[in-house]
Amino acid sequence: MRKQIVAGNWKMNMTKEEGQALISEVVNMAKDEVKANTILVLCTPAPHLGYAKRMFQSQANVFLGAQDCHEKASGAYTGEISAPILKSFEVDYVILGHSERREYFKESDELLKAKTDQALANNLIPIFCCGESLSQRQAGSGFIEFVCGQITNSLFHLSAEQFAKVVIAYEPIWAIGTGLTASSEQAQEMHAALRKHIASKYGELANEISILYGGSAKPSNAPELFACPDVDGGLIGGASLKSRDFIDIAKALK
Ligand code: PEP
């Protein structure tokens, strides 16, 4: 069975005190309420990474994630954080190619290819984001090819052994932080297309790759989204800042 994952993307939110409170609530609730085979990932702003891991060391299914890494291993890049630095803080996962970074920081498919290589070289599991804009969706055709193209351009240079470590997150840009959610039919259509696309390059391995849905997921819509055969969990923004909502979303997993 594919890994079932609910990852929380805190984005640029949470002071230290707020972060500590949220983590301890999530860990306590996870102990009692979340299935042992459900993987929870907390993708915090970088300053939280130093202490966060110690707070859930006793909880085997809770992991630590960063929200980005640099494409180089080290150097004079003020303000940036490399994959080796993240690994030294025992980070497990790293979000790459979030649409906010693609838009505000002009991250290209080519740059994300290099970031993916850095993440994998340092034993970080990339949560690789892809997704189409509202205008691409409204054009009515070509959006599936566009999203598959993002995967081709940034990931299809990987060996099968490397690709097996990657988690994909399909995040329609029009659904992120907008309150609009893809319908379960729209999510399933894209997830199945992505899996077929991955199979065209990596064969059977495609059935082992976890593909998460992201975009205004919440406790009320998670059960329907997660019931889709090709949806293996979620990347959760706003709702990951509330422990009750985040855990209720995780409980909706198959
Ligand atoms: C995200 O930023 O990855 C995301 C899915 O955000 P939200 O859940 O708030 O739409």
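All of the numbers you see were taken from the coordinates with simple rules; none came from a lab. These numbers were taken from a predicted model, which means no experiment stands behind them. Note: ideal-geometry Cβ built from the backbone for every residue, glycine included; neighbour counts use all protein chains shown.
Answer with one residue from Asn13, Phe226, Ile209: the one whose Cα lies farthest towards the positive end of the charge dipole of the stretch 4-251, charges on Cβ with Lys, Arg +1 and Asp, Glu -1. Projecting each Cα onto the dipole axis, the largest value belongs to Asn13. Spatial offset of the stretch 80-138 relative to the stretch 165-239 amounts to 17 Å, using the alpha carbon center of each. Bin width 5 Å, alpha-carbon pairs only: give the P(r) of the chain as whole percents, running from 0 to the bin holding the largest distance. Computed distribution, short to long bins: 1, 6, 15, 19, 21, 18, 12, 6, 2, 0. Net charge of the neighbourhood of Met190, taken over other residues with C-beta under 12 Å away and scored Lys/Arg +1, Asp/Glu -1, is -3.
In the elastic network of the chain, a GNM with C-alpha springs shorter than 10 Å, the most mobile of Lys165, Lys201, Lys11 is Lys201.
The calculated FRET efficiency for Ala164 paired with Ala192, based on their beta-carbon distance and R0 = 30 Å, is about 0.95. Estimated from helices alone, the mean residue ellipticity of the chain at 222 nm is -12000 deg cm²/dmol (sum of -39500 (n - 2.57) over DSSP H runs with n ≥ 4, per residue). Put the Cα centre of the stretch 35-62 next to the Cα centre of the stretch 8-27 and the gap is 10 Å.
Taking 0.36 nm per residue of sequence separation and removing the Cα-Cα distance, the Glu224/Thr15 pair yields an extension gain of 72.0 nm.
Fewest neighbouring Cβ atoms within 10 Å first, the residues Ile211, Ile249 line up as Ile211, Ile249. Calculated FRET efficiency, Ser183 to Tyr104, Cβ-Cβ distance, R0 = 35 Å: about 0.80 to the nearest 0.05.
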